[in-house]
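Engineer: A single structure is presented below for examination.
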Amino acid sequence: MTSETELSRIGISLPKNLLEKFDEILRLRGYSSRSEGIRDSIRSYITHYQWISDVKGERQGVITMVYDHDQRGLLQTLTDIQHEYAHIIQASLHSHVSRDKCLEVILLRGDGTDLKTITERLMAQKGVESVKLTTIPIEG
Ligand code: NI
């Protein structure tokens with residue numbers, strides 16, 4: 001097991017505007033270095049993944065998704081994915097946030113594994129800014 005004090009160097013390429021947004025958050029939050037911000041981001045990414053791995057069994061859930069309306073073909077792809085999972089999607093609500101941004105809220109009920117799969121598939125699409133899954137277990 002490698003401890004957190006042993007450091008590895010990596011080089012990454014990022015879209016300019018993504019890095020600008022990230023740096024802006026680091027400034028606002030008072031980070032001393034970009035490296036520290038990236039370390040924290042990776043830690044919360046891992047925590048989020050571990051948390052999402054615990055979603056199993058019968059669940060009621062909500063997916064909140066923000067995406068770029070202008071991304072070519074995206075609207076169709078997102079609709080296709082949702083139709084594939086029609087058996088677990090109960091309803092969806094679409095709001096046109098601005099000229100180029102859409103917000104969609106999807107209500108689901110089904111196996112936790114399926115809820116995670118659809119979340120990850122939506123997340124993987126180019127032009128999708130954020131996807132958040134919140135679930136509660138169904139009891140009784
Ligand atoms: Ni829209």
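Engineer: Can you work out which of the residues in the range 77-108 that are of a type in the set (Asp, Glu) and surrounded by fewer than 16 Cβ atoms within 10 Å (Cβ to Cβ) is farthest from Gly61 (Cα to Cα)?
Structural biologist: Looking at the filtered set, the residue picked out is Asp100.
Engineer: Residues to consider are Asp40, Asp100; find the one that is without any contact (Cβ under 8 Å) to a residue 24 or more places away in the chain and either of a type outside the set (Phe, Trp, Tyr) or assigned by TED's automatic domain parsing to the domain that holds Gln125 (or both).
Structural biologist: Asp40
Engineer: Which pairs do you get when a residue that is free of Cβ contacts under 8 Å to residues at least 24 places away in the same chain and within 15 Å of the ligand (Cβ to nearest atom), found in the range 68-93, comes within reach of a residue that is open to solvent by less than 100 Å² (accessible area, probe 1.4 Å) and part of a helix (DSSP H, G or I), reach meaning Cβ atoms under 9 angstrom, with the pair 6+ apart or on two chains?
Structural biologist: Hits for this filter: Ser92/Gln82.
Engineer: Same structure, new question: Identify, please: which residue in the range 109-140 is open to solvent by less than 60 Å² (accessible area, probe 1.4 Å) and of a type in the set (Val, Ile, Thr) and is, among those, nearest to the ligand (Cβ to nearest atom)?
Structural biologist: This residue is Val128.
Engineer: Considering each residue of the range 54-67, count those that are open to solvent by 40 Å² or more (accessible area, probe 1.4 Å), outside any strand (DSSP E or B) and touching a residue at least 24 places away in the same chain (Cβ under 8 Å), and give that number.
Structural biologist: 1
The values are calculated or read from the model by the stated rules, or taken from the named source; none is laboratory data. Note that this is a predicted model, so its numbers are computed, not measured. Note that each Cβ is placed from the backbone with ideal geometry, even for glycine, and that neighbours are counted across all protein chains shown. Surface areas here come from the heavy atoms of the whole protein model, side chains and all, with no ligands, DNA or RNA. Shrake-Rupley method; radii C 1.70, N 1.55, O 1.52, S 1.80 Å.
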